[in-house]
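The values are calculated or read from the model by the stated rules, or taken from the named source; none is laboratory data. Note that this is a predicted model, so its numbers are computed, not measured. Using ideal geometry, Cβ is built from the backbone for each residue, glycine included, and neighbour counts are taken over all protein chains shown.
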């Protein structure tokens, strides 16, 4: 979920196409390059006499390494499953219309299935239209709201990811007062990843929640009960749009409200890098926690910019989703959610070089070995 800068830690940003900002890529069995084209056509990656299954992978954008990994996983898996794969995306985080256009194109092509990281509830109607047309739709990374908008979701348990961050942060504070900045994704869209990570973090800290699907409505002061417990102050909930520059701007706004912030929750690692830049420019420091566990993000843990990050596995999401759609399209068994969840959990691990008692974690060396499922 990210943005338009071009550094390795950049937000997942796409490139504009000739139609509604959709960047479309073509997968082949021999070439896994990620060069963008404006309206490329899909290529049959299957072999033998059996007809290939048409599938489209629609990510939020096409340059952030998270979605790059997801695209690579789907492309690599397409040939194995005799899938004719098209890859599309919005031009940037928040581009609902770009995803809607890609969904409509899939229906028009006669595709059998869609893998999508849904932008927001704004794409729900288009997903419903696709399912009514007979396409099997799997959400990746971002469970839609409500969950039954799609046939099934393959994703990180984002509530658990945020909770791990919060538990680690509370223990690290060792009873000291927590002066908190919450750098969320949006302030004008409802996205399950956004509220699940934010609310999971607060839950891990031991801060009482109000509406667990709404950011920013909890008491601004009180007691946190995680770790040794202590006083807390929530200074701000600012939207950074999942971007490095957005994270910096959001952090600057928070510091203007209270320069004594000592704990920063960030929706993702590009936001964390931006927040750190703002802290550094202000001549202060804070403990930063995040979610993603990308290779660049793990490096930021190693160098001390990020204290802890919850690692997820996008390549695994794409691989599992591709295999499931191919199986269903050929009359096979449909996947089911994991027990107690409304999605299939693809795993999460806390990455930190400052482990705390009672919170399971791996170090940055291990995190680098497995970042994003490589």
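Out of region 287-307, which residues are touching a strand residue (DSSP E or B) at 6+ places or on another chain (Cβ under 6 Å) and not in a helix (DSSP H, G or I)?
287, 288, 289, 290, 291, 293, 306, 307
Answer yes or no: is there a residue in region 348-370 that is in the same structural domain as residue 216 (by TED's automatic domain parsing), crowded, with 24+ Cβ neighbours inside 10 Å and within 29 Å of residue 87 (Cα to Cα).
yes
Suppose we filter 335, 339 for residues that are assigned to a loop (DSSP other than H, G, I, E, B), touching a strand residue (DSSP E or B) at 6+ places or on another chain (Cβ under 6 Å) and either within 19 Å of residue 117 (Cα to Cα) or at pLDDT below 95 (or both); which single one remains? Don't jump to the end; show me each part of the working.
Working: 339 fails: touching a strand residue (DSSP E or B) at 6+ places or on another chain (Cβ under 6 Å).
Of the residues listed, the single one that is assigned to a loop (DSSP other than H, G, I, E, B), touching a strand residue (DSSP E or B) at 6+ places or on another chain (Cβ under 6 Å) and either within 19 Å of residue 117 (Cα to Cα) or at pLDDT below 95 (or both) is 335.
Answer yes if at least one residue in region 238-261 is over 17 Å from residue 183 (Cα atoms) and touching a helix residue (DSSP H, G or I) at 6+ places or on another chain (Cβ under 9 Å), and no otherwise.
Taking region 238-261 as the starting set, the residues that turn out to be over 17 Å from residue 183 (Cα atoms) are none.
Within region 238-261 (the criterion being over 17 Å from residue 183 (Cα atoms) and touching a helix residue (DSSP H, G or I) at 6+ places or on another chain (Cβ under 9 Å)), the answer is no, since none of the residues qualifies.
Checking the condition in contact with a strand residue (DSSP E or B) (Cβ under 6 Å, 6 or more places away or on another chain) and touching a residue at least 60 places away in the same chain (Cβ under 8 Å), which residue from 127, 138 passes? Before the answer, list the steps.
Numbers: 127 fails: touching a residue at least 60 places away in the same chain (Cβ under 8 Å).
From the options 127, 138, the qualifying one is 138.
Looking only at region 317-332, which residues are surrounded by fewer than 24 Cβ atoms within 10 Å (Cβ to Cβ) and touching a strand residue (DSSP E or B) at 6+ places or on another chain (Cβ under 8 Å)?
Within region 317-332, 320, 324, 326, 328, 329, 330 qualify.
If residue 284 satisfies all but one of (1) buried (at least 17 other Cβ atoms within 10 Å of the Cβ); (2) in contact with a helix residue (DSSP H, G or I) (Cβ under 8 Å, 6 or more places away or on another chain), what's the number of the condition it fails?
Failed condition: (1).
Among the residues that make up region 351-366, is at least one of them touching a residue at least 12 places away in the same chain (Cβ under 8 Å), in contact with a helix residue (DSSP H, G or I) (Cβ under 6 Å, 6 or more places away or on another chain) and under 24 Å from residue 77 (Cα atoms)?
No, there is no match, as no residue in region 351-366 is touching a residue at least 12 places away in the same chain (Cβ under 8 Å), in contact with a helix residue (DSSP H, G or I) (Cβ under 6 Å, 6 or more places away or on another chain) and under 24 Å from residue 77 (Cα atoms).
So residue 103 ticks every box in (1) under 24 Å from residue 345 (Cα atoms); (2) in a helix (DSSP H, G or I); (3) touching a helix residue (DSSP H, G or I) at 6+ places or on another chain (Cβ under 6 Å); (4) in contact (Cβ under 8 Å) with a residue 40 or more places away in the chain but one. Which box is left unticked?
Failing condition for residue 103: (1).
Return the residue satisfying two criteria in turn: it lies in region 129-146 and is in a loop (DSSP other than H, G, I, E, B) and modelled with pLDDT of 95 or more, and of such residues it is surrounded by the most Cβ atoms within 10 Å (Cβ to Cβ). It would help to see each step written out before you state the result.
Taking region 129-146 as the starting set, the residues that turn out to be in a loop (DSSP other than H, G, I, E, B) are 133-135, 141-146.
Applying the additional criterion that residues be modelled with pLDDT of 95 or more yields 133-135.
Working: 133: 14, 134: 11, 135: 23.
In this case the residue turns out to be 135.
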